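This report refers to the structure that appears directly beneath it.
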Amino acid sequence: MASGADRISALPEDVLHQVLRFLPAQEVVRTCVLARRWHRVWRSVPALRFTGAKGWGSADRFVQFVDHLLHLWRAGGDFGAPLDSCEFDFDLDGFMRLLGGEQHASRWIREAVSQVRALRVRVVEEQEASPLSDNLHLVSQHLTRLELIGVAVNESVVDFSGCPALVHLNMEDCDVFVQQILSPSLKHLRIASCYTSEYYRILISLPALVSLELIGFDQGRIPFLGSLPRLARAVAMLSDDCSDHCSQDRFDGCSGAESEACGGCYYYYGDPGDPEYGARCDRNNSIFLKGLSEATYLELSADSDVIVFNRDLRWCPTFTKLKTLLLNDWCLAADHNALICFLQHSPILEKLTIQLSKVPPYVMETEGIYKPVGHSVASDCLKMVEIRCADVDNRVHKILNTLTNYGIRLDQINIQHTSRIPGSGCFDFVCTGFS
(Lines give C-alpha, C1' and ligand atoms only; values in the text may rest on other atoms or scores of the structure.)
Protein backbone atom coordinates (compact mmCIF):
# COMPACT_ATOMS: atom_id res chain seq x y z
CA MET A 1 0.00 0.00 0.00
CA ALA A 2 1.15 3.57 -0.64
CA SER A 3 1.09 4.37 3.07
CA GLY A 4 3.20 1.33 3.90
CA ALA A 5 0.63 0.16 6.46
CA ASP A 6 0.40 -3.60 7.03
CA ARG A 7 -3.36 -4.01 7.11
CA ILE A 8 -3.28 -7.79 6.71
CA SER A 9 -1.37 -8.23 9.96
CA ALA A 10 -4.00 -6.10 11.69
CA LEU A 11 -6.71 -8.65 10.95
CA PRO A 12 -8.03 -10.79 13.83
CA GLU A 13 -6.10 -14.00 14.34
CA ASP A 14 -9.07 -16.24 13.52
CA VAL A 15 -9.39 -14.50 10.14
CA LEU A 16 -5.69 -15.05 9.43
CA HIS A 17 -6.10 -18.72 10.34
CA GLN A 18 -8.93 -19.04 7.80
CA VAL A 19 -6.59 -17.67 5.13
CA LEU A 20 -3.64 -19.82 6.12
CA ARG A 21 -5.59 -23.08 6.19
CA PHE A 22 -5.88 -22.91 2.38
CA LEU A 23 -2.10 -22.64 1.87
CA PRO A 24 0.37 -25.54 1.60
CA ALA A 25 2.11 -26.22 4.92
CA GLN A 26 5.51 -24.98 3.71
CA GLU A 27 3.96 -21.62 2.73
CA VAL A 28 2.29 -21.37 6.13
CA VAL A 29 5.65 -21.84 7.86
CA ARG A 30 7.30 -19.22 5.62
CA THR A 31 4.89 -16.54 6.87
CA CYS A 32 6.98 -16.35 10.05
CA VAL A 33 9.38 -13.97 8.26
CA LEU A 34 6.70 -11.45 7.30
CA ALA A 35 6.55 -9.49 10.56
CA ARG A 36 6.93 -9.89 14.32
CA ARG A 37 3.29 -10.86 14.81
CA TRP A 38 3.58 -13.68 12.29
CA HIS A 39 6.19 -15.44 14.42
CA ARG A 40 3.35 -16.98 16.44
CA VAL A 41 0.38 -16.89 14.03
CA TRP A 42 1.50 -19.87 11.96
CA ARG A 43 2.12 -21.91 15.11
CA SER A 44 -1.57 -21.89 16.01
CA VAL A 45 -3.09 -22.50 12.57
CA PRO A 46 -5.74 -25.24 13.00
CA ALA A 47 -5.16 -26.97 9.63
CA LEU A 48 -2.18 -28.38 7.71
CA ARG A 49 -2.03 -29.15 3.99
CA PHE A 50 0.86 -31.21 2.67
CA THR A 51 0.89 -31.02 -1.12
CA GLY A 52 3.50 -33.65 -1.99
CA ALA A 53 7.21 -33.75 -2.75
CA LYS A 54 7.05 -31.79 -6.00
CA GLY A 55 9.22 -28.68 -5.78
CA TRP A 56 11.24 -29.87 -2.79
CA GLY A 57 14.32 -30.88 -4.75
CA SER A 58 14.39 -34.29 -3.11
CA ALA A 59 11.91 -36.60 -1.43
CA ASP A 60 14.16 -36.74 1.65
CA ARG A 61 13.72 -33.02 2.30
CA PHE A 62 9.94 -33.38 2.03
CA VAL A 63 9.96 -36.34 4.44
CA GLN A 64 12.07 -34.41 6.98
CA PHE A 65 9.73 -31.41 6.78
CA VAL A 66 6.55 -33.43 7.34
CA ASP A 67 8.16 -35.46 10.13
CA HIS A 68 9.35 -32.33 11.91
CA LEU A 69 6.08 -30.40 11.59
CA LEU A 70 3.88 -33.26 12.79
CA HIS A 71 6.28 -33.78 15.71
CA LEU A 72 6.00 -30.12 16.72
CA TRP A 73 2.21 -30.24 16.79
CA ARG A 74 2.21 -33.57 18.62
CA ALA A 75 4.64 -32.27 21.24
CA GLY A 76 2.48 -29.21 21.93
CA GLY A 77 4.51 -26.58 23.78
CA ASP A 78 4.07 -23.15 22.20
CA PHE A 79 2.03 -24.68 19.38
CA GLY A 80 -1.14 -23.51 21.04
CA ALA A 81 -4.19 -24.71 19.14
CA PRO A 82 -4.70 -28.41 18.45
CA LEU A 83 -5.01 -29.41 14.80
CA ASP A 84 -8.56 -29.47 13.49
CA SER A 85 -7.81 -30.92 10.05
CA CYS A 86 -4.96 -32.32 8.01
CA GLU A 87 -4.69 -32.97 4.27
CA PHE A 88 -2.17 -34.99 2.27
CA ASP A 89 -2.36 -34.30 -1.46
CA PHE A 90 0.04 -36.35 -3.59
CA ASP A 91 -0.73 -35.09 -7.08
CA LEU A 92 1.33 -36.82 -9.79
CA ASP A 93 4.53 -36.17 -7.85
CA GLY A 94 5.62 -39.82 -7.84
CA PHE A 95 6.24 -39.83 -4.09
CA MET A 96 4.03 -42.85 -3.43
CA ARG A 97 6.02 -44.86 -5.98
CA LEU A 98 9.36 -44.16 -4.35
CA LEU A 99 11.01 -46.71 -2.10
CA GLY A 100 9.53 -46.16 1.35
CA GLY A 101 6.97 -43.62 0.13
CA GLU A 102 3.94 -45.71 1.11
CA GLN A 103 5.41 -46.46 4.53
CA HIS A 104 6.08 -42.78 5.20
CA ALA A 105 2.57 -41.83 4.11
CA SER A 106 0.98 -44.54 6.28
CA ARG A 107 2.97 -43.39 9.29
CA TRP A 108 2.02 -39.74 8.75
CA ILE A 109 -1.63 -40.65 8.47
CA ARG A 110 -1.54 -42.61 11.74
CA GLU A 111 0.20 -39.69 13.46
CA ALA A 112 -2.19 -37.08 12.05
CA VAL A 113 -5.32 -39.11 12.71
CA SER A 114 -4.52 -39.28 16.42
CA GLN A 115 -4.70 -35.46 16.59
CA VAL A 116 -7.21 -34.17 14.04
CA ARG A 117 -10.98 -34.22 13.60
CA ALA A 118 -10.86 -34.25 9.77
CA LEU A 119 -8.35 -36.07 7.55
CA ARG A 120 -8.20 -35.98 3.75
CA VAL A 121 -5.81 -38.12 1.70
CA ARG A 122 -5.66 -37.66 -2.06
CA VAL A 123 -3.34 -39.61 -4.33
CA VAL A 124 -3.33 -38.91 -8.07
CA GLU A 125 -1.24 -41.33 -10.08
CA GLU A 126 -1.17 -41.96 -13.82
CA GLN A 127 -2.32 -45.56 -13.42
CA GLU A 128 -3.95 -47.43 -10.55
CA ALA A 129 -4.80 -46.20 -7.08
CA SER A 130 -1.91 -46.12 -4.65
CA PRO A 131 -1.82 -48.45 -1.64
CA LEU A 132 -1.04 -46.91 1.71
CA SER A 133 -0.56 -50.05 3.74
CA ASP A 134 -1.94 -53.55 4.00
CA ASN A 135 -2.64 -52.92 7.66
CA LEU A 136 -3.87 -49.36 7.96
CA HIS A 137 -5.66 -49.57 11.30
CA LEU A 138 -6.64 -46.09 12.44
CA VAL A 139 -7.05 -45.24 16.10
CA SER A 140 -8.36 -41.85 17.19
CA GLN A 141 -10.68 -40.45 19.82
CA HIS A 142 -11.09 -37.23 17.81
CA LEU A 143 -11.52 -38.16 14.13
CA THR A 144 -15.03 -37.34 12.83
CA ARG A 145 -14.42 -37.07 9.06
CA LEU A 146 -12.23 -39.19 6.75
CA GLU A 147 -11.89 -38.63 3.00
CA LEU A 148 -9.84 -40.98 0.81
CA ILE A 149 -9.27 -40.22 -2.89
CA GLY A 150 -7.21 -42.44 -5.19
CA VAL A 151 -6.19 -44.76 -2.36
CA ALA A 152 -6.06 -48.56 -2.52
CA VAL A 153 -7.54 -50.33 0.50
CA ASN A 154 -6.71 -54.04 0.50
CA GLU A 155 -7.85 -55.58 3.77
CA SER A 156 -10.39 -58.29 4.39
CA VAL A 157 -12.14 -56.11 6.98
CA VAL A 158 -11.85 -52.34 7.36
CA ASP A 159 -12.61 -51.80 11.01
CA PHE A 160 -13.10 -48.25 12.30
CA SER A 161 -13.95 -49.35 15.83
CA GLY A 162 -10.77 -47.57 16.92
CA CYS A 163 -12.35 -44.28 15.80
CA PRO A 164 -15.48 -44.05 17.98
CA ALA A 165 -16.26 -40.46 16.90
CA LEU A 166 -16.08 -41.11 13.14
CA VAL A 167 -19.23 -39.82 11.43
CA HIS A 168 -18.33 -39.15 7.77
CA LEU A 169 -16.45 -41.48 5.39
CA ASN A 170 -15.97 -40.56 1.73
CA MET A 171 -14.10 -42.85 -0.69
CA GLU A 172 -13.63 -41.70 -4.28
CA ASP A 173 -11.60 -43.21 -7.15
CA CYS A 174 -10.30 -45.82 -4.72
CA ASP A 175 -9.55 -49.52 -5.05
CA VAL A 176 -11.73 -51.00 -2.31
CA PHE A 177 -10.96 -54.72 -2.22
CA VAL A 178 -12.45 -55.47 1.18
CA GLN A 179 -15.12 -57.86 2.41
CA GLN A 180 -16.65 -55.71 5.14
CA ILE A 181 -16.70 -52.18 6.53
CA LEU A 182 -17.24 -51.95 10.28
CA SER A 183 -17.98 -48.88 12.38
CA PRO A 184 -20.26 -48.40 15.40
CA SER A 185 -20.48 -44.63 14.86
CA LEU A 186 -20.44 -43.95 11.09
CA LYS A 187 -23.49 -41.93 9.96
CA HIS A 188 -22.62 -40.82 6.42
CA LEU A 189 -20.96 -43.09 3.85
CA ARG A 190 -20.17 -42.15 0.25
CA ILE A 191 -18.42 -44.48 -2.21
CA ALA A 192 -17.98 -42.98 -5.68
CA SER A 193 -16.21 -44.16 -8.86
CA CYS A 194 -14.41 -46.91 -6.99
CA TYR A 195 -13.10 -50.29 -8.09
CA THR A 196 -14.28 -53.33 -6.15
CA SER A 197 -13.93 -57.09 -6.58
CA GLU A 198 -15.73 -58.91 -9.40
CA TYR A 199 -16.01 -62.07 -7.27
CA TYR A 200 -17.30 -60.92 -3.88
CA ARG A 201 -19.23 -58.01 -2.40
CA ILE A 202 -18.45 -55.58 0.40
CA LEU A 203 -20.78 -56.17 3.33
CA ILE A 204 -22.14 -52.90 4.68
CA SER A 205 -23.92 -53.41 7.98
CA LEU A 206 -23.63 -50.23 10.02
CA PRO A 207 -25.89 -49.64 13.05
CA ALA A 208 -25.66 -45.82 13.04
CA LEU A 209 -25.67 -45.11 9.28
CA VAL A 210 -28.09 -42.32 8.30
CA SER A 211 -27.13 -41.59 4.69
CA LEU A 212 -25.58 -43.76 1.98
CA GLU A 213 -24.34 -42.74 -1.48
CA LEU A 214 -23.08 -45.32 -3.98
CA ILE A 215 -22.08 -43.61 -7.22
CA GLY A 216 -20.59 -45.20 -10.31
CA PHE A 217 -18.53 -48.30 -9.54
CA ASP A 218 -16.13 -48.37 -12.48
CA GLN A 219 -15.57 -52.08 -11.97
CA GLY A 220 -16.71 -54.74 -9.55
CA ARG A 221 -19.83 -55.57 -7.56
CA ILE A 222 -22.01 -53.15 -5.67
CA PRO A 223 -22.10 -53.81 -1.91
CA PHE A 224 -24.28 -56.29 -0.09
CA LEU A 225 -26.43 -54.27 2.29
CA GLY A 226 -26.99 -55.84 5.68
CA SER A 227 -28.71 -54.25 8.65
CA LEU A 228 -29.05 -50.45 8.37
CA PRO A 229 -31.68 -49.71 11.05
CA ARG A 230 -31.22 -45.91 11.09
CA LEU A 231 -30.88 -45.28 7.37
CA ALA A 232 -32.90 -42.25 6.24
CA ARG A 233 -31.43 -41.30 2.85
CA ALA A 234 -29.85 -43.43 0.12
CA VAL A 235 -28.66 -42.61 -3.40
CA ALA A 236 -27.46 -45.33 -5.78
CA MET A 237 -26.38 -44.44 -9.32
CA LEU A 238 -25.04 -47.46 -11.20
CA SER A 239 -23.61 -47.68 -14.70
CA ASP A 240 -23.00 -50.73 -16.87
CA ASP A 241 -19.28 -50.39 -16.10
CA CYS A 242 -19.98 -52.27 -12.88
CA SER A 243 -19.87 -56.07 -12.85
CA ASP A 244 -23.57 -56.35 -12.00
CA HIS A 245 -24.70 -56.06 -15.61
CA CYS A 246 -25.92 -58.68 -18.06
CA SER A 247 -24.03 -58.99 -21.33
CA GLN A 248 -27.16 -60.59 -22.83
CA ASP A 249 -29.12 -57.35 -22.24
CA ARG A 250 -31.56 -59.04 -19.87
CA PHE A 251 -32.77 -56.65 -17.19
CA ASP A 252 -33.12 -59.53 -14.70
CA GLY A 253 -29.96 -61.38 -15.72
CA CYS A 254 -29.52 -64.75 -17.38
CA SER A 255 -29.28 -68.16 -15.73
CA GLY A 256 -28.23 -71.77 -16.31
CA ALA A 257 -25.84 -72.57 -19.13
CA GLU A 258 -26.51 -69.16 -20.67
CA SER A 259 -24.97 -67.39 -17.69
CA GLU A 260 -21.61 -69.16 -18.10
CA ALA A 261 -20.85 -66.80 -20.98
CA CYS A 262 -21.91 -63.77 -18.94
CA GLY A 263 -19.52 -62.82 -16.14
CA GLY A 264 -22.01 -60.38 -14.66
CA CYS A 265 -24.53 -63.15 -13.98
CA TYR A 266 -22.20 -66.15 -13.50
CA TYR A 267 -20.31 -64.51 -10.61
CA TYR A 268 -23.34 -62.69 -9.19
CA TYR A 269 -23.16 -64.53 -5.85
CA GLY A 270 -19.40 -65.07 -5.94
CA ASP A 271 -16.90 -67.34 -7.62
CA PRO A 272 -18.38 -70.86 -7.99
CA GLY A 273 -14.83 -72.21 -7.61
CA ASP A 274 -14.46 -70.60 -4.17
CA PRO A 275 -14.96 -73.04 -1.25
CA GLU A 276 -17.01 -70.32 0.50
CA TYR A 277 -19.19 -69.72 -2.58
CA GLY A 278 -22.51 -68.20 -1.61
CA ALA A 279 -21.61 -67.91 2.08
CA ARG A 280 -21.57 -64.10 2.07
CA CYS A 281 -24.70 -63.60 -0.06
CA ASP A 282 -27.75 -65.78 0.49
CA ARG A 283 -29.01 -66.89 -2.93
CA ASN A 284 -32.55 -66.76 -1.56
CA ASN A 285 -32.47 -63.27 -0.17
CA SER A 286 -32.12 -59.64 -1.22
CA ILE A 287 -28.66 -58.26 -1.90
CA PHE A 288 -29.49 -54.57 -1.96
CA LEU A 289 -33.11 -53.41 -1.61
CA LYS A 290 -33.80 -55.02 1.76
CA GLY A 291 -31.05 -52.93 3.34
CA LEU A 292 -32.87 -49.76 2.22
CA SER A 293 -36.19 -50.62 3.84
CA GLU A 294 -35.91 -47.98 6.62
CA ALA A 295 -35.18 -45.05 4.26
CA THR A 296 -37.43 -42.02 3.92
CA TYR A 297 -35.67 -40.80 0.74
CA LEU A 298 -34.42 -42.99 -2.12
CA GLU A 299 -32.78 -42.34 -5.48
CA LEU A 300 -32.21 -45.52 -7.50
CA SER A 301 -30.74 -44.97 -10.97
CA ALA A 302 -29.11 -47.57 -13.18
CA ASP A 303 -28.34 -48.37 -16.80
CA SER A 304 -30.88 -50.73 -18.29
CA ASP A 305 -28.66 -53.85 -18.20
CA VAL A 306 -27.67 -53.46 -14.53
CA ILE A 307 -29.47 -56.38 -12.94
CA VAL A 308 -29.23 -56.01 -9.18
CA PHE A 309 -32.33 -53.83 -8.62
CA ASN A 310 -34.61 -55.98 -10.77
CA ARG A 311 -33.31 -59.25 -9.31
CA ASP A 312 -34.05 -57.98 -5.82
CA LEU A 313 -37.73 -57.40 -6.64
CA ARG A 314 -38.32 -61.07 -5.82
CA TRP A 315 -37.68 -60.19 -2.15
CA CYS A 316 -38.75 -56.54 -2.25
CA PRO A 317 -39.36 -55.25 1.29
CA THR A 318 -42.13 -52.90 2.32
CA PHE A 319 -40.71 -49.38 2.58
CA THR A 320 -42.75 -48.33 5.61
CA LYS A 321 -41.05 -44.91 5.99
CA LEU A 322 -40.41 -43.98 2.36
CA LYS A 323 -41.79 -40.56 1.39
CA THR A 324 -39.68 -39.51 -1.62
CA LEU A 325 -38.58 -41.82 -4.43
CA LEU A 326 -36.66 -41.22 -7.69
CA LEU A 327 -36.32 -43.95 -10.32
CA ASN A 328 -35.01 -43.91 -13.89
CA ASP A 329 -35.52 -46.05 -17.01
CA TRP A 330 -34.59 -49.35 -15.34
CA CYS A 331 -38.01 -49.43 -13.63
CA LEU A 332 -39.88 -49.54 -16.97
CA ALA A 333 -38.82 -53.01 -18.14
CA ALA A 334 -41.41 -55.81 -18.37
CA ASP A 335 -44.39 -53.44 -18.55
CA HIS A 336 -43.17 -51.24 -15.70
CA ASN A 337 -42.79 -54.18 -13.34
CA ALA A 338 -40.40 -52.46 -10.92
CA LEU A 339 -42.39 -49.22 -10.92
CA ILE A 340 -45.56 -51.11 -9.95
CA CYS A 341 -43.65 -53.02 -7.28
CA PHE A 342 -42.45 -49.82 -5.60
CA LEU A 343 -45.90 -48.24 -5.80
CA GLN A 344 -47.38 -51.25 -4.01
CA HIS A 345 -44.61 -51.49 -1.38
CA SER A 346 -44.50 -47.83 -0.28
CA PRO A 347 -47.51 -47.20 1.97
CA ILE A 348 -46.74 -43.55 2.86
CA LEU A 349 -45.05 -42.42 -0.39
CA GLU A 350 -45.68 -38.71 -1.04
CA LYS A 351 -43.60 -37.90 -4.12
CA LEU A 352 -42.46 -40.10 -7.01
CA THR A 353 -40.05 -38.88 -9.71
CA ILE A 354 -39.35 -40.83 -12.91
CA GLN A 355 -36.26 -39.66 -14.78
CA LEU A 356 -36.16 -40.72 -18.47
CA SER A 357 -33.06 -40.77 -20.66
CA LYS A 358 -33.09 -39.02 -24.04
CA VAL A 359 -32.77 -42.30 -25.94
CA PRO A 360 -34.88 -45.29 -24.85
CA PRO A 361 -32.53 -48.07 -23.68
CA TYR A 362 -32.67 -51.49 -25.28
CA VAL A 363 -33.49 -54.46 -23.07
CA MET A 364 -34.57 -57.97 -23.97
CA GLU A 365 -38.19 -58.17 -22.88
CA THR A 366 -39.06 -61.02 -20.54
CA GLU A 367 -41.70 -61.58 -17.92
CA GLY A 368 -41.36 -59.38 -14.84
CA ILE A 369 -40.12 -60.81 -11.56
CA TYR A 370 -42.71 -59.04 -9.39
CA LYS A 371 -46.31 -60.27 -9.43
CA PRO A 372 -48.60 -57.24 -8.83
CA VAL A 373 -51.26 -57.44 -6.14
CA GLY A 374 -54.42 -56.07 -7.70
CA HIS A 375 -54.55 -52.69 -9.45
CA SER A 376 -53.99 -50.21 -6.67
CA VAL A 377 -51.10 -48.36 -5.06
CA ALA A 378 -50.26 -48.81 -1.41
CA SER A 379 -50.07 -45.11 -0.58
CA ASP A 380 -53.02 -42.85 0.13
CA CYS A 381 -50.45 -40.11 0.85
CA LEU A 382 -49.20 -39.69 -2.72
CA LYS A 383 -49.29 -35.99 -3.62
CA MET A 384 -47.29 -35.77 -6.83
CA VAL A 385 -45.76 -37.84 -9.59
CA GLU A 386 -43.14 -36.00 -11.66
CA ILE A 387 -41.97 -37.33 -15.02
CA ARG A 388 -38.73 -35.74 -16.30
CA CYS A 389 -37.99 -36.25 -19.97
CA ALA A 390 -36.50 -34.65 -23.07
CA ASP A 391 -39.65 -35.23 -25.12
CA VAL A 392 -43.16 -36.45 -24.43
CA ASP A 393 -42.73 -39.70 -26.36
CA ASN A 394 -44.37 -43.11 -26.34
CA ARG A 395 -42.66 -44.01 -23.06
CA VAL A 396 -44.39 -41.13 -21.31
CA HIS A 397 -47.80 -42.15 -22.63
CA LYS A 398 -47.24 -45.72 -21.43
CA ILE A 399 -46.23 -44.47 -17.98
CA LEU A 400 -49.37 -42.34 -17.80
CA ASN A 401 -51.44 -45.37 -18.71
CA THR A 402 -49.82 -47.49 -15.99
CA LEU A 403 -50.17 -44.79 -13.33
CA THR A 404 -53.85 -44.18 -14.06
CA ASN A 405 -54.53 -47.93 -14.19
CA TYR A 406 -53.16 -48.14 -10.64
CA GLY A 407 -55.38 -45.38 -9.29
CA ILE A 408 -53.22 -42.29 -9.68
CA ARG A 409 -55.19 -39.30 -10.95
CA LEU A 410 -53.94 -37.13 -13.82
CA ASP A 411 -54.07 -34.02 -11.63
CA GLN A 412 -51.40 -35.63 -9.44
CA ILE A 413 -48.98 -35.92 -12.39
CA ASN A 414 -46.57 -33.29 -13.73
CA ILE A 415 -44.42 -33.74 -16.83
CA GLN A 416 -41.22 -31.71 -16.98
CA HIS A 417 -39.58 -31.77 -20.39
CA THR A 418 -37.19 -29.75 -22.53
CA SER A 419 -38.08 -28.62 -26.02
CA ARG A 420 -35.83 -26.96 -28.57
CA ILE A 421 -36.63 -23.32 -29.33
CA PRO A 422 -36.79 -23.06 -33.15
CA GLY A 423 -33.79 -21.30 -34.71
CA SER A 424 -32.06 -20.65 -31.39
CA GLY A 425 -30.21 -23.89 -30.65
CA CYS A 426 -31.46 -23.49 -27.10
CA PHE A 427 -33.84 -25.53 -25.00
CA ASP A 428 -36.91 -24.35 -23.19
CA PHE A 429 -38.01 -25.98 -19.95
CA VAL A 430 -41.68 -26.92 -20.01
CA CYS A 431 -43.86 -28.15 -17.16
CA THR A 432 -47.10 -29.84 -18.13
CA GLY A 433 -49.80 -30.61 -15.61
CA PHE A 434 -53.15 -32.31 -15.95
CA SER A 435 -56.49 -31.23 -14.58
- [ ] Would you please put 157-165, 48-56 in order of how densely packed they are, using the mean number of other Cβ atoms within 10 angstrom per residue and starting with the highest?
- [x] 48-56, 157-165
- [ ] List the GluC sites (Glu not before Pro) within segment 290-377 that fall in a DSSP loop (any state other than H, G, I, E or B) and whose Cβ has at most 14 other Cβ atoms within 10 Å.
- [x] E365, E367
- [ ] Only Cα pairs under 8 Å and at least 6 apart count here; give the relative contact order of segment 303-421 as a rounded whole percent.
- [x] 25 percent
Task: Lys, Arg +1 and Asp, Glu -1 on Cβ, resulting dipole of segment 4-54 about Cα centre, debye, nearest 20 - done: 140 debye
Open item on the list: Between V33 and N401, what is the label-point separation in nm under the 7 Å Cα-to-beta-carbon projection?
Closed with: 7.8 nm
TODO: Can you send over the carbon and sulfur percentage of the accessible area for segment 1-65, probe radius 1.4 Å, protein chains only?
DONE: 57 percent
Open item on the list: Below 8 Å, C-alpha to C-alpha, sequence gap of six or more: please give me the relative contact order for segment 153-219 in percent.
Closed with: 32 percent
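With the other protein chains left in place, how much accessible area per residue, in square angstrom, belongs to segment 310-414 at a 1.4 angstrom probe?
46 Å²
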Task: Between segment 142-183 and segment 34-61, the alpha-carbon center distance in angstrom - done: 28 Å
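The values are calculated or read from the model by the stated rules, or taken from the named source; none is laboratory data. These numbers come from a predicted model, not from an experiment. All Cβ positions, glycine included, derive from the backbone under ideal geometry; neighbour counts span all protein chains shown. Just the protein is used for accessible areas: all its heavy atoms, side chains included, with ligands, DNA and RNA removed. Shrake-Rupley method; radii C 1.70, N 1.55, O 1.52, S 1.80 Å.
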